[in-house]
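> Got a structure here, written out as structure tokens. Questions coming.
The values are calculated or read from the model by the stated rules, or taken from the named source; none is laboratory data. Everything numeric here is computed off the predicted structure, so don't read it as measured data. When we count neighbours, we look across all protein chains shown, and the Cβ atoms used for this are built from the backbone with ideal geometry, even at glycine. With ligands, DNA and RNA removed, areas are computed over all heavy atoms of the protein, side chains included. Shrake-Rupley method; radii C 1.70, N 1.55, O 1.52, S 1.80 Å.
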Amino acid sequence: MELLIKNGRVLDPASEKDGIYDVLIRDGVIQRVAEKIDAEGDGEGTRIIDASGCFVMPGLVDLHVHLRDPGLTYKEDIGSGARAAARGGYTTILAMPNTKPVIDSPDKVDYVVNKAKQTAPVHVLQVGAVTKEQKGEEISDIRGMAEAGIPAISEDGKSVMNARVYRQAMEIAAELDLPVLAHCEDIHMVDGGVMNADEKAEALGLRGITNAVEDVIVARDILLSKETGARLHLCHCSTKDSVEMIRLAKKEGLKVSAEVCPHHFTLTSDDIQKDDSNYKMNPPLRTRADRDALIEGLRDGTIDAIATDHAPHSAEEKNQSMRKAPFGIVGLETAVPLTVTRLLEQGVLTPLQMAQVMSYQPARIANLDCGTLKEGKAADVVLIDPAEEYVIDKNTFATKGRNTPFDGWKVRGKVKMTICGGKIVYEDQA
């Protein structure tokens, strides 16, 4: 079937298009983008989609998702996570390797690739672990995993604390042109912390996590990237000094990119009113000064991408004190409305810049041939109504996780349709 998307505001950073265009999709490929396209012949077999009032963007790309598969599928599995991605407007997601067992070999990569082909409505790309079993002691089979199709390596969930081992992995990554997705956390400095170290933590009687826990590893990883020539991508940045170090690294011309999560540009530790584990994430919610620095980093281009760090957990795991509950919240189905509500409506980003940080630039960071609506490219497309107002309801989520602080929030910006490879994989029925 052909799809003809009409009257939408096409936002394509790759071609610098921002205007009202029609988009014709045939055989899984974008055939034409023009001001007016009519259905060929009698139009039979062509579905016409009226996108009036909607953004028509390249399918979103998330560099940072936890699918919990294999081994932790009571939290999430590849199929449920991919359906959540489709509902959130994502057509490509990168799965982190901190599963059970850890994805540290080609055969484990193959498991995810094969299961995704069977169960996932969107593109699922498996990231490989930096070290075997993520123990930080011995480098994993990075070359073999690269042959199996990994787009990047990461030790996400922790940092490789042994700088010598990490440097060796970066040298291999540089040789293979694989980005290194860095979770920056000095585990020795966490010291049992569960939220930001500030007056709010003291008031709640909870142990804090200082900014330096992140900042010292950001500095180390930038220096290792400089020395090895590896492409470093800093995950879930949360502090003002991280943003400043990234800004300086870019001025020096280093191969450094960075992402921020919607919860970090939306919330601060002041929003934590009680011991509520839905506000427990790693890195933690920081101060207003940190949040403002992240927003400014997005505004001036220091931060390249928005990623979700989608981290589902069971209700039983999260239904306990922040002292014991695991870190993480779900994010695939709330990223678009939070970005529209907190960044577009506040004038931080333009709609074209939203497409840039949620699709085009994440695709470039991961060396992917997507993130564009150019003719001849794969038809990965999302339609978003930026004006539609609704209330986030965690009970409607496609993910297995319900761990979110945004349940009940009134927001704008609704995903109306997601198209992956020319097929409609999600359509809003509300």
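> Sort E227, E2 by accessible area with a 1.4 Å probe, largest first.
E227, E2
> If you find the alpha carbon centre of the range 1-31 and of the range 239-261, how far apart are they in angstrom?
That distance is 33 Å.
> Run through the DSSP bridge list for the chain and note the antiparallel percent, rounded to the nearest 5.
Within the chain, antiparallel bridges account for around 50 percent of the total.
> Is there a quick way to get the dipole size of the chain? I mean about its Cα centre, with the Cβ of Lys and Arg at +1 and of Asp and Glu at -1; what is the value in debye to the nearest 20?
Roughly 380 debye for the chain.
> For K274, give me every one of the lysines with a C-alpha distance below 28 angstrom, ignoring sequence neighbours fewer than eight places off in its own chain.
Filter leaves K75, K158, K200, K240, K318, K324, K394, K400, K410.
> What net charge do the residues around D309 carry, taking every other residue with its C-beta under 12 Å from that of D309, with Lys and Arg at +1 and Asp and Glu at -1?
-3
> Turning to a different aspect of this structure: What number, in percent, do you get for the relative contact order of the chain if the mean sequence gap of Cα pairs under 8 Å and at least 6 apart is divided by its residue count?
Relative contact order, the chain: 20 percent.
> So how strong a dipole does the range 202-358 carry about its Cα centre when Lys and Arg Cβ are +1 and Asp and Glu Cβ are -1, to the nearest 20 debye?
200 debye
> For V102, what charge total do you get from the other residues with a beta carbon under 14 Å from its beta carbon, if Lys and Arg give +1 and Asp and Glu give -1?
Computed value for this residue: -3.
> Any idea how far the Cα center of the range 190-225 sits from the one of the range 304-383, in Å?
Cα centroid of the range 190-225 versus Cα centroid of the range 304-383: 24 Å apart.
> Still on this structure, I have one more. Working out 0.36 nm times the residue gap between L248 and R288, then minus their Cα-Cα distance, what length gain in nm do you get to one decimal?
My answer for the length gained is 12.2 nm.
> Hey, any idea what % of the chain's accessible area is carbon plus sulfur with a 1.4 Å probe?
46 percent
> Among residues other than K115 whose Cβ falls under 14 Å from its Cβ, what is the net charge (Lys/Arg +1, Asp/Glu -1)?
-1
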